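The values are calculated or read from the model by the stated rules, or taken from the named source; none is laboratory data. Keep in mind that what you see is a predicted model, and the values were worked out from it rather than measured. Note that each Cβ is placed from the backbone with ideal geometry, even for glycine, and that neighbours are counted across all protein chains shown. Surface accessibility is based on the protein's heavy atoms, side chains included, excluding ligands, DNA and RNA. Shrake-Rupley method; radii C 1.70, N 1.55, O 1.52, S 1.80 Å.
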Amino acid sequence: MKVSKVIVTLLNGLPETLSLLVASFFFASLIGLSMAWLYLRKNPILSDLAKIYLGIVRGTPPLLMLLLSYFGLPKLFALVGININDWAKIFFGIVGLSVGWGAYLEEAFRSAYLSVDKGQYEAALSVGMDVKHAFLQILMPQTFLIALPNIENLLIGLVKATSLVYVMGMVDMYSKATDLSNQNQGVYQLEIFIILALLYWLIVLLIEWLFRMFHRYYRYVEI
Amino acid sequence: MFDSNFAIQSFPKILAVAPMTIYLSIIAAIIGLVLAILIAVIRERKVFVLSPIVGIIVSFIRGTPIIVQMYVVYYGLPQLLIALQRWGINTDSSGISAIIVAITAYSLNAAANISESIRSAYHSVDYKQYEAAISVGMTPLRAMIRIIVPQLIANLIPNFSNIFIDLIKDTALVYNIGIVEIMAKANIISSVGFKYIETYLDALIIYIIICWIFAKLFQISEVIIRQRVFATQRIN
Amino acid sequence: MLLEIKNLKKKFVNNTVLKGIDLSINAGEVVVIIGPSGSGKTTLLRNINFLEQADSGKMTFKNKRLNLANLSNEEILWVRRHTAMVFQNYNLFKNKTAIENISEGLIFGQNKSKKVALQLAKKSLDSVGLLDKQDFYPAQLSGGQQQRIGIVRATVLNPDIVLFDEPTSALDPELVGTVLYDMKHLADQGQTMIVVTHQMSFARNVASRVVFFADGEIIETGTPSEVFDHPKNKRTKQFLSAIAEDY
Ligand SMILES: Nc1ncnc2c1ncn2[C@@H]1O[C@H](COP(=O)(O)OP(=O)(O)OP(=O)(O)O)[C@@H](O)[C@H]1O
Ligand SMILES: [Mg+2]
């Protein structure tokens, strides 16, 4: 079997891997941002909830998160009379991954926000900005830049975690590899998985490169 | 809907295999730590040729899913041993158990991650005391062991704790190669009556408790080590 | 009278930091506040532009009467938009270039268009000879340059009062002069300012009035020569002899 054929077959699963990655990261960021916002409102009940959420996710294998989403969500929805059994599998994959990564992103955003120098906010107020603009112009961009290394690590972790959606029968790169290796009845299995690993590595290297470029652009912003 | 009786009955059965999860994680962490120290030394001392090669391997391991690594070892290790045999090195490839495969894969994975943490912990050590120790005549090696290493360990613990907890969670994948740990047991029990959610919730609770306990243990040990490090530094 | 403060009180938990301050300032005056560390000088300045909120007291600013214990958001914003502050550690926006630091307040505090704001910012940077630094981020500038831009950021807004909180005390000695020079230039142009500083020579040469502040109270106030040469209060004398400086 030719290496090129293996690559082409595995790449067939790339769109699924990428859509899962992008959508999960998007929703995880939404969850993370809103949880961080709730946490920082200093409402004790809300911050306790956020703490419990983070505590649970910290101890949950991503695989289990996906399984609970896949098997648990239909049961939850059935309670209120909605049948989601034949919703697309990617939906459950996105839910499982974004719930997991949302907790980590929440922590990244919150700790970054808290480490922005308070004087920056006061300076913004002192030149007459209102609270909203002080946040949008000064606090938020600085929070984002501080959180960037953590965001990068989390995104890379998410790339790797997308491989776990095989448990719900999604056809991503990883599933393509297992299928191919089963079809070949034990020949070239090592080669297939090495090529698969290289493909994931390539995606991760690309992400690292993008973040490096971004970082270089802002290299003089020392926060 | 949700069979709570079944969930309660299954819980002790799943808990009974938790030692396998913990065993795999601890062995992988220990082997990983030893390898990681080696890697960190090679990279920090910029050992000729070896350093860039090790750097690429670390990047590769950190850039690929653990489940893929596991299968690379699963299919690769026997072939490697056969190749070694051909070169006259006496190895027996027939006796490779799933446990060996898992420990190999997870140790390598841990080694790559821990080595990076060691390096960043090393870079965040305060050097003034090292220089002071050298200037009063301590040998560099002695100063390293007395001054740098304790601080390094204190800096390393939070990251090491995270890596260890990730290891525990990642072992949920070894059921794929036939090892019976928490996740495998949950699958086995539930496949009989298709009551998945019950056993998965059991597994969830067990994982959360295990991770919480280890996180606490690391926290406590960090506090103790920091006290020691600071105490000895004050005496110095 | 441009600004008049009556009986301003402020405490942190059970530490009373300002014990009923009365202070007034006319347009064009330069009031220099001196006093020991921890006496509440910074807190007083921060109560004037409401970075800190007083527990009680009254304030009249530009003929508008304000109850310090009960301020509306509009009042707070109005005062902030007619005052400006220069900070001890500069507090330049780290994610903005020099010129953006200056235009930011014009755009978001005074609703000027970006184009107009940048023009004004450019002109004011030029006037202190820092135009070549317009695209530099704070991390690329020396402390002295940062603080001079901090002053431009404040004055470009045309504020009725500029509040200076120890603007030179974080600077290397050789950079202090450049910042004081800019401040003296501003005073000569008639800018009203309240300056907290330990630079006694600046107080003596530039101040219209010197206020000696200790333990959350104004102990003595008068012209520079009154306070420095003929201090009436014992504590003022002690303070002045303790800071063995040639003023
Ligand atoms: N946010 C705060 N919370 C609690 N206490 C505070 C706070 N800000 C200031 N204080 C206290 O108020 C007192 C006055 O502080 P302030 O910073 O106004 O003094 P200062 O005269 O400016 O001193 P320095 O010359 O050192 O700058 C100090 O005892 C300080 O500890
Ligand atoms: Mg002060």
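For this structure, a couple of remarks:
- Qualifying residues in region B:55-65 (those that are in a helix (DSSP H, G or I) and crowded, with 20+ Cβ neighbours inside 10 Å) - the one farthest from the other protein chains (Cβ to nearest Cβ): B:Val58
- Residues of region C:192-211 satisfying the condition of being under 21 Å from C:Gly144 (Cα atoms), open to solvent by 10 Å² or more (accessible area, probe 1.4 Å) and in a loop (DSSP other than H, G, I, E, B): C:His198, C:Gln199
- Residue check, C:Leu157 farther than 21 Å from C:Thr42 by Cα, open to solvent by less than 30 Å² (accessible area, probe 1.4 Å) and touching a strand residue (DSSP E or B) at 6+ places or on another chain (Cβ under 7 Å): yes
- Highlighted here are the helices (runs of 4 or more DSSP H) found entirely within region B:84-195 that include at least 1 residues which are over 30 Å from A:Gly72 (Cα atoms): B:98-123, B:128-135, B:140-143, B:149-170.
- Within region C:45-72, no residue that is on the phi > 0 side of the Ramachandran plot and open to solvent by 10 Å² or more (accessible area, probe 1.4 Å) sits with its Cβ atom under 6 Å from a residue that is of a type in the set (Asp, Glu) and within 16 Å of ligand 1 (Cβ to nearest atom) at 6+ positions apart or across chains.
- Consider region A:190-205 and keep the residues that are without any contact (Cβ under 8 Å) to a residue 40 or more places away in the chain and open to solvent by 30 Å² or more (accessible area, probe 1.4 Å). The one that is nearest to the other protein chains (Cβ to nearest Cβ) is A:Trp201.
- Of all residues in region C:1-16, those that are closer than 26 Å to C:Ala27 by Cβ and part of a strand (DSSP E or B) have Cβ atoms under 6 Å from Cβ atoms of residues that are open to solvent by 80 Å² or more (accessible area, probe 1.4 Å) and of a type in the set (Asp, Glu), 6 or more apart or on another chain, in C:Lys6/C:Asp22.
- Residue that is nearest to C:Ser103 (Cα to Cα), among those in region C:156-183 that are within 11 Å of chain A (Cβ to nearest Cβ) and outside any loop (DSSP other than H, G, I, E, B): C:Val162
- Enumeration of residues in region C:139-150 that are buried (at least 23 other Cβ atoms within 10 Å of the Cβ) and out of contact with any Phe, Trp or Tyr (no Cβ under 6 Å at 6 or more places or on another chain): C:Arg148, C:Ile149
- Every listed requirement among (1) within 14 Å of chain C (Cβ to nearest Cβ); (2) touching a helix residue (DSSP H, G or I) at 6+ places or on another chain (Cβ under 6 Å) is met by A:Leu68 save one, (1).
- Condition check for C:Phe93: without any contact (Cβ under 8 Å) to a residue 24 or more places away in the chain, on the phi < 0 side of the Ramachandran plot and touching an Asp or Glu at 6+ places or on another chain (Cβ under 8 Å): no
- Within region C:211-241, tally of residues that are within 22 Å of C:Leu8 (Cβ to Cβ), more than 15 Å from ligand 1 (Cβ to nearest atom) and in contact with an Asp or Glu (Cβ under 8 Å, 6 or more places away or on another chain): 3
- Against the test of being surrounded by 18 or more Cβ atoms within 10 Å (Cβ to Cβ) and not acidic (Asp, Glu), the options B:Val49, B:Val68, B:Val34 yield a single qualifying residue, B:Val68.
- Test for A:Leu154: is it under 26 Å from A:Leu205 (Cβ atoms), within 12 Å of another protein chain (Cβ to nearest Cβ), in contact with a helix residue (DSSP H, G or I) (Cβ under 9 Å, 6 or more places away or on another chain) and at pLDDT 95 or above: no
- Total residues in region C:109-128, condition within 21 Å of the chain's Cα centre (by Cα) and open to solvent by 10 Å² or more (accessible area, probe 1.4 Å): 4
- Residue list for region A:162-189, filter: within 11 Å of another protein chain (Cβ to nearest Cβ) and outside any helix (DSSP H, G or I): A:Asp172, A:Gly186, A:Val187, A:Tyr188
- Unmet requirement for A:Glu208, which otherwise passes all of (1) more than 12 Å from chain C (Cβ to nearest Cβ); (2) over 20 Å from the mean Cα position of the chain (by Cα): (2)
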